[in-house]
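*Asks:* Before anything else, here's the structure in question.
The values are calculated or read from the model by the stated rules, or taken from the named source; none is laboratory data. If you're wondering where the values come from, they're calculated on a predicted model, not measured in any experiment. Glycine gets a Cβ as well: all are built from the backbone with ideal geometry, and neighbour counts include every protein chain shown.
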Amino acid sequence: MNRQNQILAGILIIQLAIVAFVFWPGRNVTAAADALYSGITQDNIQSMTISDQDKRVTISRGGDGWVLPDADDFPVTAVQASDVISKILTIDTRRLVASNTTSHARLGVTEADFSRRIDLETTDGQALTLYVGTSPSARSTNIRRGDSDNVYLTSNVTANDLRTDIGSWVNTAYLALPETEIQAVTVENVQGTLEFTRPTTETWTMTGLAAGEVFNENNLTSMLTRLSGFNMVKPLGKADKPEYGMATPATTVTIQIQPAGGEAKTITLVIGPPNPETQNHVVKSSDSEYYVEVAAFGVENFISRNRTDYLVVPEPAATTPITGTNFMTGFEGITTTTPLSATNLLTGAAGVTSTTPLSATEVVTPAQ
């Protein structure tokens, strides 16, 4: 074997060794990409704040689940919180887009310009910041760690997954009373006091009906439906603040309920005046320790309706129809006091001047 063949054989042996090393059973063909937050697990996260350019929401661990610390630890939907945190922690560094600061503005991941900013706090006090930027396609989003210039593409999260409205993180049902359990409702507003009772399981009536007045039960039905599913925009907290206006409420609703097989119970719903900016109302139920914000349409029936809104409008009184004999004929109303006879007619040949008076007995004959 000459020198050239020996060199070629050596190269071949090296190539075979490399192939064997790479494809040896039990070894991956390519190394797995590193996690963006390597070594951090969901159990390490103490709190998460999601911000956009206008608002933010913070959730944190509390008790057995997740809560809103800014609303006196109102419970958060645990599944949603865990899902979002899991998506963030599984972002990897596989798809590097840029590694210099000059690209950050274009990709929407600067400290001032971003779609979302996520601040994670770990149980050992670490502060982790993630900027979520633009989406070059429906399945990819630019992201950047706050302590790095590297920008990556990920399909794990989008801005739509990272909601900043508090209502999307909680169960918005504030009061849910089965209609069959409601036995009486009293509404006090600026129009007066309305009392409704349930004499039978199938019917309702309004107290204080005058003679001839009929109760319109249909209008009460919409109110009962609202009480069976009374939703909020967001929780506010446990403290009564002066700006809520609860000292002079717009409406107070008192509900008597009788749960099946349980004890009778009274629930009071206090509705504050409208917020000048949003027109929403603060509401407090005696069955909850939290004050909440409710949209105007959710309390409109309680605030604006008065007594007449719950009465059947009487039919207008019938009027006497006019028959054909009551109509005037064309000749009615025109009479003559002096009847005309055939001798009173003037013939066409007669010449009559203003100086010749005519009497009732005169007959004018044609000139000879």
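*Asks:* Test Glu243 against the stated conditions and say whether it is charged (D, E, K, R), without any contact (Cβ under 8 Å) to a residue 60 or more places away in the chain and assigned to a loop (DSSP other than H, G, I, E, B).
*Replies:* So Glu243 does not fit the description; no.
*Asks:* I'd like the residue in segment 51-96 that is among the small types (Gly, Ala, Ser) and in a strand (DSSP E or B) and, out of all such residues, is nearest to Thr129 (Cα to Cα).
*Replies:* Of everything passing the filter in segment 51-96, Ser51 is nearest to Thr129 (Cα to Cα).
*Asks:* So, one more: Can you spot a residue in segment 153-176 that is of a type in the set (Phe, Trp, Tyr) and under 24 Å from Ala33 (Cα atoms)?
*Replies:* No, because not a single residue in segment 153-176 is of a type in the set (Phe, Trp, Tyr) and under 24 Å from Ala33 (Cα atoms).
*Asks:* Please indicate, with yes or no, whether at least one residue in segment 197-217 is closer than 13 Å to Leu311 by Cβ and part of a helix (DSSP H, G or I).
*Replies:* Yes, the conditions are met somewhere in segment 197-217.
*Asks:* Another one. Would you confirm, using the coordinates I've provided, whether Thr93 is in contact (Cβ under 8 Å) with a residue 24 or more places away in the chain, touching a Phe, Trp or Tyr at 6+ places or on another chain (Cβ under 8 Å) and of a type in the set (Ser, Thr, Tyr)?
*Replies:* yes
*Asks:* All but one of (1) surrounded by 12 or more Cβ atoms within 10 Å (Cβ to Cβ); (2) under 24 Å from Ile182 (Cα atoms) hold for Leu236; which doesn't?
*Replies:* Exception for Leu236: condition (2).
*Asks:* Does any residue in segment 127-144 that is over 12 Å from Val157 (Cβ atoms) come within less than 6 Å, Cβ to Cβ, of a residue that is among the polar types (S, T, N, Q) and part of a strand (DSSP E or B) six or more places away or on a different chain, and which pairs are these?
*Replies:* From segment 127-144, the pairs are Thr134/Asn142.
*Asks:* State which residue is nearest to Glu263 (Cα to Cα) when the search covers only segment 181-218 and only residues that are in contact with a Leu (Cβ under 9 Å, 6 or more places away or on another chain) and among the polar types (S, T, N, Q).
*Replies:* The residue in question is Thr186.
*Asks:* I'd like the full set of residues that are within 32 Å of the chain's Cα centre (by Cα) and small (Gly, Ala, Ser), limited to segment 99-148.
*Replies:* Gly108, Ala112, Ser115, Gly133, Ser135, Ser137, Ala138, Ser140 - these are the residues of segment 99-148 that are within 32 Å of the chain's Cα centre (by Cα) and small (Gly, Ala, Ser).
*Asks:* To continue, here is another question. Being touching a residue at least 60 places away in the same chain (Cβ under 8 Å) and not polar (S, T, N, Q) is the filter here, so list the residues in segment 115-126 that pass it.
*Replies:* If the condition is that a residue be touching a residue at least 60 places away in the same chain (Cβ under 8 Å) and not polar (S, T, N, Q), then Arg116, Arg117, Ile118, Asp119, Leu120, Glu121, Asp124 are the ones that fit.
*Asks:* Right, here's the next one. Out of curiosity, is Leu194 touching a residue at least 12 places away in the same chain (Cβ under 8 Å), under 27 Å from the mean Cα position of the chain (by Cα) and not assigned by TED's automatic domain parsing to the domain that holds Gln126?
*Replies:* The answer is no for Leu194.
*Asks:* Consider segment 173-195. How many of its residues are buried (at least 18 other Cβ atoms within 10 Å of the Cβ) and in a loop (DSSP other than H, G, I, E, B)?
*Replies:* Qualifying residue count, segment 173-195: 1.
*Asks:* Yes or no: Val313 over 20 Å from Gln183 (Cα atoms) and buried (at least 19 other Cβ atoms within 10 Å of the Cβ)?
*Replies:* No; evaluated as a whole, the condition is false for this residue.
Residue-by-condition table, conditions (1) acidic (Asp, Glu); (2) surrounded by fewer than 14 Cβ atoms within 10 Å (Cβ to Cβ):
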| residue | (1), (2) |
| --- | --- |
| Leu68 | no, no |
| Gln80 | no, no |
| Ile88 | no, no |
| His104 | no, no |
| Ile118 | no, no |
| Glu121 | yes, no |
| Ala127 | no, yes |
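So that you can scan it fast, the table gives a plain yes or no per residue for (1) surrounded by fewer than 12 Cβ atoms within 10 Å (Cβ to Cβ); (2) out of contact with any Lys or Arg (no Cβ under 9 Å at 6 or more places or on another chain):
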{"position": "Arg139", "(1), (2)": "yes, yes"}
{"position": "Thr154", "(1), (2)": "no, no"}
{"position": "Trp169", "(1), (2)": "no, no"}
{"position": "Ser228", "(1), (2)": "no, yes"}
{"position": "Met232", "(1), (2)": "no, yes"}
{"position": "Gly245", "(1), (2)": "no, yes"}
{"position": "Thr252", "(1), (2)": "no, yes"}
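*Asks:* Which residue pairs have Cβ atoms closer than 7 Å, lie 6 or more positions apart in sequence or on different chains, and pair a first residue in segment 163-183 that is closer than 18 Å to Ser288 by Cβ with a second residue that is hydroxyl-bearing (Ser, Thr, Tyr) and assigned to a strand (DSSP E or B)?
*Replies:* So the pair list comes out as Tyr174/Ser285; Leu175/Ser285.
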